[in-house]
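Each remark here refers to the structure printed beneath this line.
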């Protein structure tokens, strides 16, 4: 009887169900299925565990990379976030954008900016209007720009109806002036009230009649209160004026809204928003710890130099200066009190330090993403050395019986 030894799952059926052995004088029947039975590869378990270890490590490294990118940005980073504290919130409100200078402003409010207001004449609501029927045109002028407003009055209109038509025409023009009909009870009086949409003397407006006398009849041609500018001083300096009650403390980055006049200066503190920075720092540390955990889990399969490289990056003295501590097992933790104290004491320096740490970890995590998987393996493992010897074929062979005649084929 002649058999062929072939790779796994490619068994060749025997020529005969009987096998002759030179060590036995009698033939015996071959066990059913012997040559088609599948045997596990001696390296299959190694390959699966190594592949899982590499995949888990690379996934955690990607998370670390993304967390580090969020914290390491030079602009729009949580480390650049700012918040404000005000000694008298009833007098001033303030906002500070990312990257605003951390400092204290002392602001005194001398006067507020206001919009012009024209109060019309009160008249009986239900009485027949004294305004002549026909088309009435009036002109609204603001800052050298004029807008003509037209309304058509009927002889049957009441005063309230005529005033409503003028109001609607003014509001429909969207010329920077808003008209409001003010009434007093069901059978009382009605009048128009005009106000500028913006504060400051640059937004003062004039109302004149062009056709008819709607402006004069309704009494809206005269200003009741003129537009004014705000006056304030910062840090004891000279008084400044503003068309608006929103004034700049730092150009494009910090503003104050003046709410009322004050007899003394109000402190406006611009400081680092420690809450946002701390939240992102904790995410970074959590991502780092997850990566170290994955490296520990796959310690037998991955190159030990990978973990040492991460730990070396995280052992810099800069970490400790901003409250990021190293644990005995190589993981990190954020000392929240020390982290906040660092930000409050010198936010600019802390931001540079933490940003530098984040960029270092991002670089460390990113450099493994394009490395071949085989380069991440621990080549000192005995199993890997044996695996490498067979990787040219990567095939497992069936167990070979110790009796009978075996050749690589039959002829």
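Observations
- Residues in the range 315-337 that are over 16 Å from residue 57 (Cβ atoms) and either in the same structural domain as residue 102 (by TED's automatic domain parsing) or more than 25 Å from the chain's Cα centre (by Cα) (or both): 315, 316, 317, 318, 320, 321, 325, 326, 327, 328, 329.
- Filter result for the condition that a residue is buried (at least 20 other Cβ atoms within 10 Å of the Cβ), within 26 Å of the chain's Cα centre (by Cα), touching a residue at least 40 places away in the same chain (Cβ under 8 Å) and within 30 Å of residue 374 (Cβ to Cβ), over 301, 288: 288
- Contacts under 8 angstrom Cβ, first residue in the range 312-329 being farther than 14 Å from residue 364 by Cβ, partner part of a loop (DSSP other than H, G, I, E, B), 6 or more apart: 323/335; 324/335; 325/335; 326/314; 326/315
- Pairing residues of the range 348-368 that are touching a residue at least 24 places away in the same chain (Cβ under 8 Å) with residues that are surrounded by fewer than 19 Cβ atoms within 10 Å (Cβ to Cβ) and outside any helix (DSSP H, G or I), at Cβ distances under 8 Å and at least 6 apart in sequence or on separate chains, gives 348/102; 355/73; 355/74; 357/316; 360/316.
- The number of residues in the range 258-308 being outside any helix (DSSP H, G or I) and in contact with a strand residue (DSSP E or B) (Cβ under 9 Å, 6 or more places away or on another chain) comes to 19.
- Residue 121 being farther than 30 Å from residue 187 by Cβ, modelled with pLDDT of 90 or more and not in a helix (DSSP H, G or I): no
- Some residue of the range 260-267 being in the same structural domain as residue 365 (by TED's automatic domain parsing) and farther than 16 Å from residue 340 by Cβ: no
- Per-region count, the range 353-381, residues surrounded by fewer than 15 Cβ atoms within 10 Å (Cβ to Cβ) and under 24 Å from the mean Cα position of the chain (by Cα): 2
- Every condition in (1) outside the structural domain of residue 292 (by TED's automatic domain parsing); (2) touching a residue at least 40 places away in the same chain (Cβ under 8 Å); (3) over 25 Å from residue 205 (Cβ atoms); (4) under 48 Å from the mean Cα position of the chain (by Cα) is met by residue 126 except one, and the failing one is (4).
- Residue match in the range 57-69 (condition: in contact with a strand residue (DSSP E or B) (Cβ under 9 Å, 6 or more places away or on another chain), at pLDDT 80 or above, in the same structural domain as residue 279 (by TED's automatic domain parsing) and outside any loop (DSSP other than H, G, I, E, B)): yes
- Residue in the range 240-254 that is in contact with a helix residue (DSSP H, G or I) (Cβ under 8 Å, 6 or more places away or on another chain) and either farther than 30 Å from residue 59 by Cα or touching a residue at least 40 places away in the same chain (Cβ under 8 Å) (or both) present: yes
- Number of the exception - residue 151 against (1) out of contact with any helix residue (DSSP H, G or I) (no Cβ under 6 Å at 6 or more places or on another chain); (2) modelled with pLDDT of 95 or more; (3) closer than 15 Å to residue 216 by Cα: (1)
- Within the range 124-148, the set of residues being assigned to a loop (DSSP other than H, G, I, E, B) and in contact with a helix residue (DSSP H, G or I) (Cβ under 8 Å, 6 or more places away or on another chain) comprises 125, 126, 127, 129, 130, 131, 143.
- Residues in the range 316-343 that are surrounded by fewer than 17 Cβ atoms within 10 Å (Cβ to Cβ), more than 18 Å from residue 286 (Cα to Cα) and touching a helix residue (DSSP H, G or I) at 6+ places or on another chain (Cβ under 7 Å): 318, 321.
- Only one of the numbered conditions (1) within 15 Å of residue 151 (Cα to Cα); (2) buried (at least 16 other Cβ atoms within 10 Å of the Cβ) is not met by residue 168, and that is (2).
- Which listed residue, of 262, 257, is over 30 Å from residue 58 (Cα atoms), out of contact with any helix residue (DSSP H, G or I) (no Cβ under 6 Å at 6 or more places or on another chain) and surrounded by 15 or more Cβ atoms within 10 Å (Cβ to Cβ): 262
The values are calculated or read from the model by the stated rules, or taken from the named source; none is laboratory data. Keep in mind that what you see is a predicted model, and the values were worked out from it rather than measured. Quick reminder, even Gly has a Cβ in these numbers, built from the backbone with ideal geometry, and neighbours come from all protein chains shown.
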